[in-house]
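In what follows, a single structure is set out as structure tokens and then discussed.
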Amino acid sequence: NDYKTKSFVCTIVTHLTIDVLRHNNSFQSENIDDVEYMLESKEPLPIDYLISEGFIKIKNGKSLDFDFDKEIDWELLGIVIAILIIYPEINFKYKFPRLICNLILDQRITLNDVQYLNMDLYDELRGMQNDPNITDQNIHFSVLGDELILGGNDVSVNEGNLGEYIEERANYEARKISTIIILIKKGMFTFLPKDIILTFSSLDFYNLLN
């Protein structure tokens with residue numbers, strides 16, 4: 001369970017996987033040319049391109065802020081994530097947000113993650129935290145008829161359960177991009193050992209990636 005040990009094992013297994021894939025003529029991928037180029041050049045050029053074209057923005061000076069409504073190659077992004085982990089010597093100046101780490105690891109997200117998912121919702125939930133009259137707002141544990149918890153249509157938000165509502169509302173929003181996360185993971189786990197990666201905590205995976 002030691003973080004350094006898992007990181008070391010992850011690196012060894014990954015390099016063995018790459019070696020097998022490179023010598024396996026049956027391996028097929030629409031991104032194989034990009035993968036080979038990135039592995040040879042060790043430069044995560046697709047992210048630089050997406051930033052320059054406005055598909056990815058930079059928040060707080062360093063963090064990557066993805067627009068999940070954009071039509072980009074999410075599987076290729078997963079491959080780039082793998083390459084950044086495989087080659088820590090790559091001097092990549094930006095950081096992936098904890099949101100991405102939590103979703104890759106199938107962990108629940110927090111209010112802080114929401115700012116990288118839906119800024120309007122983040123502002124709304126922050127406002128609710130500071131509303132002394134939240135009980136009077138007639139808000140229930142449901143969104144457009146979808147219940148956030150069992151019987152949520154009949155459960156009103158109050159000071160006592162506001163934290164639970166914010167968490168459930170955040171994770172409801174996260175489920176909207178589940179298809180994108182599946183593609184990112186598909187690209188990642190082409191090269192990274194899934195069984196090892198999924199044992200990382202969100203913080204350890206964040207540190208491994210960044």
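The values are calculated or read from the model by the stated rules, or taken from the named source; none is laboratory data. Being a predicted model, the structure only gives us computed values, none of them experimental. Every residue, glycine as well, gets a Cβ built from its backbone with ideal geometry; the counts of neighbours run over all protein chains shown. What goes into the accessible areas is simple: the full protein's heavy atoms, side chains included, and nothing from ligands, DNA or RNA. Shrake-Rupley method; radii C 1.70, N 1.55, O 1.52, S 1.80 Å.
Observations, loosely collected:
- Here each label is just a point 7 Å from Cα along the line to Cβ, and for L198 and E167 those points are 2.2 nm apart.
- Remark: spin-label model distance I149-D48 equals 4.9 nm, labels positioned 7 Å along the Cα→Cβ axis.
- Amide H contacts of Y94 (H built 1.01 Å from N, under 5 Å, at least 5 apart or other chain): none
- Taking 0.36 nm per residue of separation and subtracting the Cα-Cα distance, full extension of the segment from R108 to N133 would add 6.2 nm.
- Accessible surface of T110, taken over heavy atoms with a 1.4 Å probe and every protein chain present, rounds to 70 Å².
- For the set D204, D154, the ranking by accessible area, highest first and with no ligand, DNA or RNA atoms included, is D154, D204 under a 1.4 Å probe.
- In terms of accessible area, using a 1.4 Å probe and ignoring ligands and nucleic acids, E147, E159, E53, E173 rank largest first as E159, E53, E147, E173.
- The packing ranking of peptides 71-81, 113-123, highest mean first, is 71-81, 113-123, where packing means the average number of other beta carbon atoms within 10 angstrom of each residue.
- Potential extension, K93-I58 segment - 0.36 nm per residue separation minus Cα distance: 11.5 nm
- Note on S156 and N210: the model spin-label points, each 7 Å out from Cα along the C-beta direction, lie 4.0 nm apart.
- For region 95-130, the list of trypsin sites (Lys or Arg not before Pro) that fall in a loop by DSSP and count at most 14 other C-beta atoms within 10 angstrom reads R108.
- Which of F92, F141 is most accessible, then next, and so on - probe 1.4 Å: F92, F141
- Remark: the Cα gyration tensor places region 159-210 in the oblate category, a/c being 1.5 or greater and a/b not exceeding b/c.
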